[in-house]
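**Student:** Before anything else, here's the structure in question.
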Amino acid sequence: MRDKRSIQREIEALGLPPIVSQIFQGTTSRPELSYRCENPHKSLADGSGFPKHFLPLWECGTSVTAFDLADRMFCKIDLESPGAPHFRVKGFDGVVADVLIDLWEDEVGDDVLSDLAAQFGFSRLPSLLSALERGSTSDYETWRDALRTNSSEQGGTGP
């Protein structure tokens, strides 16, 4: 198992917003993120099955949002089936969009979402909120995937 400090340095080297390091360290002061973006403790435990070429950014239950060092993509995987990612995106905006969608579905207010979007460096919140309010025109997973993909392709940040 890699030590947490070396993983922290690798995450910092990606040039992601400071809130990512705060989440990883468990020091973020944002209560809205307490469930959706827990510090990655399960994925770092011995025997977790978490792939070694992934950098865990945060967890939600058994789902882990991570950066895949092998293909330089962001993804969300489940610790129970790490070989079948929920999704993969090129840009960091895609995983931020995913969290913001979850928080919107949790009925977190727009003012809080706006503040969190700023902390994550996500500039497309107005268009994401508009799409969320319009709702799905296809099946839910396809629609959600399109929201993530559009975010990561249009102004997405990433290594």
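The values are calculated or read from the model by the stated rules, or taken from the named source; none is laboratory data. Quantities reported herein were computed from a predicted structural model and do not represent experimental measurements. Here the Cβ is made from the backbone with ideal geometry for all residues, glycine too, and neighbour counts use every protein chain on show.
**Student:** Restricting attention to segment 16-30, does a residue exist that is touching a Gly at 6+ places or on another chain (Cβ under 8 Å), touching a residue at least 12 places away in the same chain (Cβ under 8 Å) and surrounded by fewer than 19 Cβ atoms within 10 Å (Cβ to Cβ)?
**Tutor:** Yes, the conditions are met somewhere in segment 16-30.
**Student:** Follow-up. I'd like to know if segment 75-86 contains one or more residues that are touching a Phe, Trp or Tyr at 6+ places or on another chain (Cβ under 6 Å), under 20 Å from Arg30 (Cβ atoms) and assigned by TED's automatic domain parsing to the domain that holds Ala45.
**Tutor:** Quick first cut of segment 75-86, residues touching a Phe, Trp or Tyr at 6+ places or on another chain (Cβ under 6 Å) only: 76.
Pick out the ones that are also under 20 Å from Arg30 (Cβ atoms) and you get 76.
Remaining after also requiring assigned by TED's automatic domain parsing to the domain that holds Ala45: 76.
Yes, the conditions are met somewhere in segment 75-86.
**Student:** Is there a residue being of a type in the set (Phe, Trp, Tyr), under 12 Å from the mean Cα position of the chain (by Cα) and either under 23 Å from Ile19 (Cβ atoms) or part of a helix (DSSP H, G or I) (or both) anywhere in segment 128-150? I'd like the intermediate steps shown before the answer.
**Tutor:** Initially, segment 128-150 is screened for residues of a type in the set (Phe, Trp, Tyr), giving 140, 143.
Within this subset, residues satisfying the condition of being under 12 Å from the mean Cα position of the chain (by Cα) are none.
No, the conditions are met nowhere in segment 128-150.
**Student:** Please find, among Pro51, Pro40, the residue that is touching a Pro at 6+ places or on another chain (Cβ under 8 Å) and buried (at least 23 other Cβ atoms within 10 Å of the Cβ).
**Tutor:** Working: Pro51 fails: buried (at least 23 other Cβ atoms within 10 Å of the Cβ).
After ruling out the rest, the residue left standing is Pro40.
**Student:** Taking the conditions exactly as written (closer than 18 Å to Ala117 by Cα and assigned to a loop (DSSP other than H, G, I, E, B)), does Arg2 satisfy them or not?
**Tutor:** Numbers: closer than 18 Å to Ala117 by Cα: no; assigned to a loop (DSSP other than H, G, I, E, B): yes.
Judged against the criteria, Arg2 is not a match.
**Student:** Of the residues Ser21, Ser81, which is more than 17 Å from Leu103 (Cα to Cα) and within 17 Å of the chain's Cα centre (by Cα)? Talk me through it step by step, then tell me what you get.
**Tutor:** Details: Ser81 fails: within 17 Å of the chain's Cα centre (by Cα).
Just one listed residue meets the conditions, Ser21.
**Student:** Val108 passes all but one of (1) touching a helix residue (DSSP H, G or I) at 6+ places or on another chain (Cβ under 6 Å); (2) buried (at least 17 other Cβ atoms within 10 Å of the Cβ); which number fails?
**Tutor:** (2)
**Student:** In the set Ala13, Ala66, Ala45, Ala84, which member is among the hydrophobic types (A, V, I, L, M, F, W, C), loosely packed, with under 15 Cβ neighbours inside 10 Å and modelled with pLDDT of 95 or more? Working first, answer last.
**Tutor:** On the way: Ala66 fails: loosely packed, with under 15 Cβ neighbours inside 10 Å; Ala45 fails: modelled with pLDDT of 95 or more; Ala84 fails: modelled with pLDDT of 95 or more.
Going through Ala13, Ala66, Ala45, Ala84 in turn, the sole match is Ala13.
**Student:** Inside segment 118-140, can you point out the residues that are closer than 21 Å to Phe74 by Cα and either touching a residue at least 24 places away in the same chain (Cβ under 8 Å) or touching a Lys or Arg at 6+ places or on another chain (Cβ under 8 Å) (or both)?
**Tutor:** Correct list: Gln119, Phe120, Gly121, Phe122, Ser123, Arg124, Leu125, Leu128.
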